[in-house]
1. Assuming R0 = 22 Å, can you tell me the calculated FRET efficiency for the pair R87 and N24, based on Cβ-Cβ distance, to the nearest 0.05?
2. Could you give the nm distance between label points at N43 and R3, where each point is 7 Å from its Cα heading toward the beta carbon?
3. Using θ = phi - 60° and the Karplus relation 6.51 cos²θ - 1.76 cosθ + 1.60, list the HN-Hα couplings for region 27-35 in order, rounded to whole Hz, with x at every Gly or Pro.
4. Would you please put 111-117, 100-106, 126-132 in order of how densely packed they are, using the mean number of other Cβ atoms within 10 angstrom per residue and starting with the highest?
5. Just need the Rg to Rh number for region 15-136, please, alpha carbons only, Kirkwood Rh.
6. Expected output is a single nm value to one decimal: the length gained when fully extending between V132 and R148, i.e. 0.36 nm times separation in residues minus the C-alpha distance. What is it?
7. How far, in nm, would the chain grow between R141 and K123 when pulled straight, counting 0.36 nm per residue and subtracting the alpha carbon separation?
8. Under 5 Å between amide H atoms, partner at least 5 residues away or on a different chain: which partners does W52 have, H built in plane at 1.01 Å?
Amino acid sequence: MARLIKDILKRNEEKKPKILTSKNYIFAVGRRKSAVARVRIHNEDLIDPIIWGKEQVEKGSILVNQQPIGMYFNSPFAKAVYEEPLRITNTLGKYMITVKVEGGGKKGQLDALLHGIARALNKINVEEFRPVLKKKGFLTRDSRIRERRKVGTGGKARRKKQSPKR
């Protein structure tokens, strides 16, 4: 009986598309301000599409938080920013990329995504991609963060309290 169940489960697994459980990807983390982007670039030799959440990842597509990147970052400026590391390394449309972005605002998340994609591409081919990515400054983490509010100030970090007239 147990053998029969195993055979049925094995046949069902063969029919379904792959779900993100295998290690057929390069992983990198990009950061900016308080935003963190976890980037997975899947191997180009994968022929079968991969299911991530409700979306299907195909060759050349990028998913951010389980939705197409055009829906998450919908401005033309954002498209130029996140495609730049792929464009300068001539890998645009070659890989399936999935990204999980958390924290910060949209601009910080976009910069974290750029940093994560560049670091993942660097892991794929260090000799060829690193000099190009380093020259553009994509591998350097921008460490500037918001200055915290100080005690005794009027609500902002460096604002002085208004003194009374008398």
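Computed from the coordinates by the stated procedures, all read-outs in this text should not be read as laboratory data. For clarity, every value in this text was computed on a predicted model and none was experimentally measured. A quick note on method: Cβ atoms are made from the backbone with ideal geometry, for glycine too, and the neighbour counts reach across all protein chains shown.
1. 0.35
2. 3.3 nm
3. Per-residue couplings from phi come out as 10, 8, 10, x, 9, 7, 6, 9, 8 Hz.
4. Sorting 111-117, 100-106, 126-132 by mean packing, highest first, produces 111-117, 100-106, 126-132.
5. 0.95
6. Gain on stretching V132 to R148: 2.2 nm.
7. Answer, rounded to one decimal: 4.9 nm.
8. Distant-sequence amide H within range of W52: V57.
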